[in-house]
Ligand SMILES: [Zn+2]
């Protein structure tokens, strides 16, 4: 091999490094990570990383209802819940007469699979927008709620689609971190987009609230996970290539005590209606009026801090009305309170009442997204984003889809988000507004450029001796 061939070989070797040649993005969600849990004393490694990144210090606003499945879909599609169609963790579709229950809260056989049928989904998730843009782009979903589900649009599912099954622990999350790194760096068919979901700290907060020290342990595990992940990320030299957005689906609010839990079963029973996780679908107007009266009287009598809305009276700012899947009667617990469709007052009294032995430690979500307690954390870092930069203004989680499309160099499909606040996270001069110029900027900045440049250089080098005498 002469020196020209050696040079070409070296160039080509460099160009086949495992990374995708497309702009790359990792979207991470730590379920229920409220924006103000990002404290140095609680999660020192995440805090340090956030300090070096673009950090939305007041968090990001969720959508009503502030539950897990719908907000993960809003992040992925940029749509309000009434638009993308996932309007709760479990809810009823009166047209199809079918129940959605992705997390199997109702315990019905086959319900998880039934919640993945394509008719449920009306939005275009980022993993599909990315893959549809060019056939060489590949996406992965690691446990993202409904990330493995079949959508009505091509290519229906991402290249890697790992379904969520369990909460997991530090050991299993570290294995997942290895797999995320592998998805970006594998020699063949590496991906350029990953959505990765971790079910904590939400799970711990529901069972323990903020005050019995369990949350500190879980946050420590998440911090250890993040340190492990970032170290491996840096060891693989991904920092200059892969953008990261770290966020959550909603915040959390401590429930004051058992008297602040409205057990709906006590006031609504019998037949003539369906139930979602925070709403009721009466079969007739008359039944609806009776249920509404029972509930509003119960609120008055027991002093529950829960608003009972007729669907048509739901605040406009929630964008939570325009869907047949939203029940005629909608519950809105205030911060400090909760509703439950599974408990009874008797059970609560027995376990947590004056003579009960257990202290009531529990937190929940589902409240008004304009309350600060419902806000999730939001940090972004990588070649697209500014460093050591904080933004106090509060974007909406539907804005993230546009931002992700921008970072990936693709055109978003129709959605409800804007770039107004989130665009401030972008590095100036490098990531220009969404124009053809932007795409060119991306190409000159990325592996795409290397793939054009390197073979061209090889051709030039190969033919050079016939024209010019070169010094090697
Ligand atoms: Zn959640």
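Residue 209 is checked against (1) in contact with a helix residue (DSSP H, G or I) (Cβ under 9 Å, 6 or more places away or on another chain); (2) buried (at least 17 other Cβ atoms within 10 Å of the Cβ); (3) over 28 Å from residue 44 (Cα atoms) and fails just one. What number does that condition carry? The one condition residue 209 does not meet is (3).
Are any of the residues in region 137-152 at negative phi, at pLDDT below 95 and surrounded by fewer than 20 Cβ atoms within 10 Å (Cβ to Cβ)?
Here is the first cut: in region 137-152, the residues at negative phi are 137-142, 144-145, 147-152.
If we keep only those that are at pLDDT below 95 as well, we get none.
No.
Of all the criteria given as (1) touching a helix residue (DSSP H, G or I) at 6+ places or on another chain (Cβ under 9 Å); (2) assigned to a helix (DSSP H, G or I), the one not satisfied by residue 96 is (2).
Each row is one residue, and each column tells you yes or no for (1) touching a helix residue (DSSP H, G or I) at 6+ places or on another chain (Cβ under 6 Å); (2) within 24 Å of residue 251 (Cβ to Cβ).
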residue	(1), (2)
302	no, no
349	no, no
359	no, yes
369	no, yes
374	no, yes
399	yes, yes
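Report yes if residue 37 is on the phi < 0 side of the Ramachandran plot, within 14 Å of the ligand (Cβ to nearest atom) and at pLDDT 95 or above, otherwise no. Working first, answer last.
Values: on the phi < 0 side of the Ramachandran plot: yes; within 14 Å of the ligand (Cβ to nearest atom): yes; at pLDDT 95 or above: yes.
Yes, satisfied.
Take region 308-323 and flag every residue that is in contact with a strand residue (DSSP E or B) (Cβ under 7 Å, 6 or more places away or on another chain) and either surrounded by 18 or more Cβ atoms within 10 Å (Cβ to Cβ) or not in a strand (DSSP E or B) (or both).
Initially, region 308-323 is screened for residues in contact with a strand residue (DSSP E or B) (Cβ under 7 Å, 6 or more places away or on another chain), giving 308-311, 314.
Hits for region 308-323 are 308, 309, 311, 314.
Scanning region 57-73 turns up no residue that is free of Cβ contacts under 8 Å to residues at least 40 places away in the same chain, surrounded by fewer than 23 Cβ atoms within 10 Å (Cβ to Cβ) and in contact with a helix residue (DSSP H, G or I) (Cβ under 7 Å, 6 or more places away or on another chain).
Which residues, counting only those in region 45-72, are part of a helix (DSSP H, G or I) and closer than 23 Å to residue 383 by Cα?
Step one: of region 45-72, the residues part of a helix (DSSP H, G or I) are 45-51, 68-72.
Result: 45, 46, 47, 48, 49, 50, 51.
Quick check: anything in region 102-121 in contact with a helix residue (DSSP H, G or I) (Cβ under 7 Å, 6 or more places away or on another chain), crowded, with 22+ Cβ neighbours inside 10 Å and not in a loop (DSSP other than H, G, I, E, B)? The answer is no; no qualifying residue exists. Listed by first and then second residue, the pairs linking a residue in region 150-168 that is under 14 Å from residue 113 (Cβ atoms) to a residue that is at pLDDT below 95 and assigned to a loop (DSSP other than H, G, I, E, B), with Cβ atoms under 8 Å apart and 6 or more places separating them unless they lie on different chains, are 150/116; 150/117.
The values are calculated or read from the model by the stated rules, or taken from the named source; none is laboratory data. Note that the structure is a prediction, hence the values are computed from the model and not measured. Because the Cβ atoms are built from the backbone with ideal geometry, glycine has one as well, and the counts that use them run over all protein chains shown.
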